[in-house]
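Encoded as structure tokens, the structure appears first; notes follow it.
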Amino acid sequence: MRKTLVGIGTVISLVASSNVAFADAAKPGQSMTHMKTLAGISATLEGLGILLYVQGGATAAVAGESISSADGQVVFHIPVTGSKNRVKHVGSNIVFFNSANNKQVQLKNPIINLGKGTISAVIPQGSGEVTTVLQITNASTLMPVVTNDRMASLKTTAYKGAALSLAPGIGAALSSLLELPTGSIPENLAFATADVSLYSAIKAKR
């Protein structure tokens, strides 16, 4: 069993690392979410035979020696964000893959709504409707930091340290869709932290 887990960790480390790419310079109307899973989450999922990765318009990497280490973390750079300003990009999926039976669950085109403190996505393997999949547990205390780059005419509004947990019912849904024993993925599981940056044009003074 240990040999199998190490093998899974090696594969996901290689896959994640190979997806790292250099991003283009930020432009008005774009956004970026830097998400890091909490220490131990990836190892816990791997213990269930679940690989966690991203696909599509996103990059990922493993923080630490491997995903199987007790403090291993997966880092996502996801250009898929929504806000009070309706900034939105699509094309990225967060994937939970059950290596035991080849079942997967995609959180397709996740959109962060800072106003509501939620992250919604479509789960094609489920109802196929937009569903709240994660919640920002400290949304009421997040304060934006605004930086103006007048040379580039670019305004950056950054929210740092958003605490993400699975939304109510999502743990049970993931366990069911991945054909895991009931309760394998706990409800309201503390999942990750995220930093969100929104880019807009600096309006010229008249």
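The values are calculated or read from the model by the stated rules, or taken from the named source; none is laboratory data. Keep in mind the model is a prediction, meaning the values are calculated, not measured. Here the Cβ is made from the backbone with ideal geometry for all residues, glycine too, and neighbour counts use every protein chain on show.
Please give the strands (runs of 3 or more DSSP E) falling wholly within the range 60-170 in which 2 or more residues are modelled with pLDDT of 85 or more and touching a Pro at 6+ places or on another chain (Cβ under 7 Å).
Working: elements: 73-78, 92-98, 103-113, 118-122, 130-136, 145-149, 154-166.
Answer list for the range 60-170: 103-113, 118-122, 154-166.
So which pairs qualify, if the first residue must be in the range 168-182 and of a type in the set (D, E, K, R), the second must be in a loop (DSSP other than H, G, I, E, B), the Cβ gap must be under 9 Å, and the two must be at least 6 apart or on different chains?
Once the first residue is of a type in the set (D, E, K, R) and sits in the range 168-182, its partners that are in a loop (DSSP other than H, G, I, E, B) give Glu179/Ala100; Glu179/Asn101.
Do you know which residues across the range 129-140 are hydroxyl-bearing (Ser, Thr, Tyr) and under 12 Å from Leu114 (Cβ atoms)? Talk me through it step by step, then tell me what you get.
Pass one, the range 129-140, residues hydroxyl-bearing (Ser, Thr, Tyr): 131-132, 137, 140.
Scanning the range 129-140 gives a single hit, Ser140.
Residue-wise test of (1) touching an Asp or Glu at 6+ places or on another chain (Cβ under 9 Å); (2) surrounded by 13 or more Cβ atoms within 10 Å (Cβ to Cβ); (3) at pLDDT 75 or above; (4) not in a helix (DSSP H, G or I).
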residue	(1), (2), (3), (4)
Thr4	no, no, no, no
Thr10	no, yes, no, no
Ala16	no, yes, no, no
Asp24	no, no, no, yes
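Note down all Cβ pairs under 6 Å where the first residue falls in the range 103-131 and is more than 23 Å from Ile50 (Cα to Cα), the second is part of a loop (DSSP other than H, G, I, E, B) and among the polar types (S, T, N, Q), and they're at least six residues apart or on different chains.
Between residues of the range 103-131 that are more than 23 Å from Ile50 (Cα to Cα) and residues that are part of a loop (DSSP other than H, G, I, E, B) and among the polar types (S, T, N, Q), the close pairs are Ile112/Thr81; Leu114/Ser83.
Can you confirm whether Ser200 is in a loop (DSSP other than H, G, I, E, B) and either within 26 Å of Asn101 (Cβ to Cβ) or over 20 Å from the mean Cα position of the chain (by Cα) (or both)? Before you say what the answer is, go through the steps one by one.
Working: in a loop (DSSP other than H, G, I, E, B): no; either within 26 Å of Asn101 (Cβ to Cβ) or over 20 Å from the mean Cα position of the chain (by Cα) (or both): yes.
For Ser200, the condition - in a loop (DSSP other than H, G, I, E, B) and either within 26 Å of Asn101 (Cβ to Cβ) or over 20 Å from the mean Cα position of the chain (by Cα) (or both) - is not met.
Can you confirm whether Thr193 is surrounded by fewer than 20 Cβ atoms within 10 Å (Cβ to Cβ), in a strand (DSSP E or B) and in contact with a Ser or Thr (Cβ under 6 Å, 6 or more places away or on another chain)?
On the way: surrounded by fewer than 20 Cβ atoms within 10 Å (Cβ to Cβ): yes; in a strand (DSSP E or B): yes; in contact with a Ser or Thr (Cβ under 6 Å, 6 or more places away or on another chain): no.
In short, no.
Could you say whether any residue in the range 190-202 is touching a residue at least 24 places away in the same chain (Cβ under 8 Å), closer than 30 Å to Gly47 by Cα and among the charged types (D, E, K, R)?
yes
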